[in-house]
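Report on the structure given below.
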Amino acid sequence: MRLIPRSALILSAAALALPAALPAALAAPAACTPASIRNPLKGPVMTSYETKIKDQKIGNQVIKGRTSVSTTTIKSIPNGVQLNVTDGTKTTVIQSTCVNGKTVTTIDGKAMPTDIDKVSRDVQVTGPNTQDFADTDFSKRKVGEVWSGKLSSVNTAEVTSETTYKNKLVSMEKVTTPAGTFDTYKVQMTLDMKMTYKNMPKGMKMPNMNSSTVTTTWYAREAPHMIIKSESNSMNMTLLKYRK
């Protein structure tokens, strides 16, 4: 489990709606142990990030960007962990517990669906390098090394899509933010999504939904390798403070 799930980036623009410091508890596998569910407690128990979303132009419309600060605190609860995620004046309470060997997650007291097949039966996470995508410990990789893989494929009656990634360990750098100075891994990720519409009515055309997003992220070399800052063409995120 990481403080910030890179897997959220699979959702492309939808990832912008997630709190900056949201941990991977939401993406935890169904099977669990009390020890595994408490993995986030091994890292900082409080992180605060500033996120600057840039102005976006869609067609002739300009969507104004915004700047926000998101703070996450983590604490132990019986059989699990609780996260309080505050973005502006709104606080979201997320609880993950291990019940009879299965992960149960609630958001503001409402249970998330536990049958993943029903929630995303058309989505397949594929490729032997999916774990490589999620791993943020780059100690065994060399500067300049590139690795890639297929992340997901979607096949419904209306649309098919495929998402692939390519990562590169650019360098090892010292980075200073308001939270301090850190030794980091600088990693560049290119996320490509190709989408094809099926069974379209004759004469009807859909806009090109294919996209390629390049994100540069600096990960702390010290475990649990939290994100120190991240930059893309749509947003910048910076660690403001943390507490162990």
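Taken together, the values in this text are just the output of simple stated rules run on the coordinates, not laboratory data. Computed from a prediction, not measured in an experiment: that's the story for all the values here. Backbone-built Cβ (ideal geometry, glycine too); neighbour counts: all protein chains shown.
Here the 3J(HN,Hα) profile of the range 60-70, calculated from phi with Karplus coefficients 6.51, -1.76 and 1.60 at θ = phi - 60°, is 9, 9, 10, 9, 5, x, 8, 10, 9, 10, 10 Hz, Gly and Pro shown as x. Taking amide H positions as modeled 1.01 Å from N, with prolines and chain starts lacking one, the residues under 5 Å from M226 and 5 or more places away or on another chain are A220.
Multiplying the residue separation of Q188 and A157 by 0.36 nm and removing their Cα-Cα distance gives an extension gain of 7.7 nm. Whole-Hz Karplus values for the range 179-185 come out as 7, x, 10, 10, 7, 9, 9 Hz, taken residue by residue from phi with 6.51 cos²θ - 1.76 cosθ + 1.60 and θ = phi - 60°; glycine and proline positions read x. Residues of the range 160-175 with an amide N closer than 16 Å to a point placed 7 Å from the Cα of V143 along the Cα-to-Cβ direction: 168-175.
Using R₀ = 35 Å, calculate the FRET efficiency as 1/(1 + (r/R₀)^6) where r is the Cβ-Cβ separation of D135 and K202; round to 0.05. That pair, D135 with K202, gives E of 0.15.
Could you compute the net charge surrounding T47? Neighbours are other residues with a C-beta less than 10 Å from the C-beta of T47; K and R count +1, D and E count -1.
+2
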